[in-house]
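For reference, the structure is listed below as structure tokens.
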Amino acid sequence: NPLASAGSDSPVPEQVDVCIIGSGLTGVSCAYHLAQLVESGAIGSMKLVILEARDFCEHLLSLVRRNGGQLVVGRFSKMHGLTMQYGAEEAIKSTAIEEYTVSEIRKIIRENGWEGDVDLVECRRVNLVFNPRDLGGIESDIAAARRAKVSGIDNVEVLTVEQAEKEYGAKYPGYRQPGNNLWPLKLVTKLFQHAQDPAASRNSTRSFPPAGFSSATSSSMDLALYTHTTVMSVIPSWIGDSNRAYDVQTTKGIIHADYVVHATNVYVSHLLPQFSEPENAVVPVRGQVIGTRASVPRGELWSDNFVGNAGFEYWFPRPCPSSERPLIILGGGRESAPWEYNVTDDSILDETVGKTLRGFLPAVYPNSFSKDTEPEFEWTGIMGFTPTKDPYVGLVSSSSARPSGEYVSVGYNGRGMARAFACAEAIAQMIVAKQNGKTWERPPWLPIWYLTEQTRTGL
């Protein structure tokens, strides 16, 4: 993590255009998209900061700690219910946003030659169905996706028990589709460096500017990162004495900003208490993950990534030579805790969950994993879940007395890898539209039910 403590000893600026709180995929993606808009000429010069209370990108459970970067489109998830609720035309946007995210991230990686830098692996995503009672719901969702002509739905294959056992050594039926893995921390680092200096991010031999300063080659885009800088409050500037819209109180002093982006996921209610209310809650859910070795070399094991047991477990192999025993990243087990809802302490391990994880792979693949193998790594982190199982994106609801330049993108329900990048782009577009005095137009891939109530009323 080369940016772990970037800007931690530096004083924060007094005046910025945009203050982004949170240095995970959402916050850094928002900065990346704003930099792209500046470069395209959609807006003039812009000064922005990213503030992080801990190390750079440390809070990314659902991206780094939970699934390790499974970049996969959920082509049929919840499609039957969404079609009934919103109609087919709107329902397919739940897949469209993930299709857009995956394709854009892959495109950026390829265009900049980052494949090796971010450990991009093209593979397949296999959904193993452990409980036969779940088959009916999955088949209903796939049928609804086919009727709605969801992009890529024809690439979803049905796996019989016999096929799954022959190809993977697992005696369960399932479904398979194209997928990808990458290392999220490495991706977020490259995105930040690219936003700060596009030329340097494409040239590994070129030095980057310090994280607290903008690049001399991009004078119209001034981007700085300050880690170990906690935000205590965000208040309208009319309470203070600034000509900016907001006063952002940090442990290093006050930053005056015109726009504030809350990209803090499960910690959003620290500054926006309305997101602790039942109808709008972002509920903390602790996930636990292990890294354990297979008992056979990579050449004798699968290379795809998996989800199973109704989504409670998820696993994939890290890249390694074919003669070595691969390290498998496996997350889940919280159904035995039970559930780990409203748990925010990511400094401890749950013994019951750990026992479940240790026994999982040997039970599913008895010929490839040993019950006696102890994990080489084990850790926890916090995800953000919402009542609707979808994120909140857009303007923060406020009284008429507050300025309307405060935005939020949080609550990815463990699907941040396939959602956060695009949601952050929508926030960046909202900011630029407002700055230019124009009406923001919802992108064709963004579900309307993701939008906060205040954003919807402005459409």
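General observations
- Residues in the range 345-365 that are assigned to a helix (DSSP H, G or I) and either hydrophobic (A, V, I, L, M, F, W, C) or modelled with pLDDT under 95 (or both): Val353, Leu357, Phe360, Leu361, Ala363, Val364.
- Options Tyr412, Tyr450: the member that is closer than 17 Å to Ser269 by Cα and not hydrophobic (A, V, I, L, M, F, W, C): Tyr412
- When Glu104, Glu122 are checked against the criterion of being touching a strand residue (DSSP E or B) at 6+ places or on another chain (Cβ under 6 Å), surrounded by fewer than 18 Cβ atoms within 10 Å (Cβ to Cβ), touching a residue at least 40 places away in the same chain (Cβ under 8 Å) and within 30 Å of Pro2 (Cβ to Cβ), Glu122 stands alone in meeting it.
- Top-ranked residue of the range 153-204 - restricted to ones that are assigned to a strand (DSSP E or B) and closer than 30 Å to Ser5 by Cα, ranked as modelled with the lowest pLDDT: Asn181
- Residues within the range 135-151 that are in a loop (DSSP other than H, G, I, E, B) and not basic (Lys, Arg), tallied: 3
- Leading residue by the ranking (nearest to Cys423 (Cα to Cα)) among those in the range 247-273 that are surrounded by fewer than 24 Cβ atoms within 10 Å (Cβ to Cβ) and in contact with a helix residue (DSSP H, G or I) (Cβ under 6 Å, 6 or more places away or on another chain): Ser269
- Some residue of the range 286-295 being in contact with a helix residue (DSSP H, G or I) (Cβ under 7 Å, 6 or more places away or on another chain), closer than 22 Å to Ser77 by Cα and at pLDDT below 95: yes
- Pick from the range 24-49, criterion assigned to a loop (DSSP other than H, G, I, E, B) and of a type outside the set (A, V, I, L, M), ranking: nearest to Ala418 (Cα to Cα): Gly24
- Residue match in the range 282-291 (condition: in contact (Cβ under 8 Å) with a residue 40 or more places away in the chain, closer than 21 Å to Ile427 by Cβ and surrounded by 18 or more Cβ atoms within 10 Å (Cβ to Cβ)): yes
The values are calculated or read from the model by the stated rules, or taken from the named source; none is laboratory data. For clarity, every value in this text was computed on a predicted model and none was experimentally measured. Glycine gets a Cβ as well: all are built from the backbone with ideal geometry, and neighbour counts include every protein chain shown.
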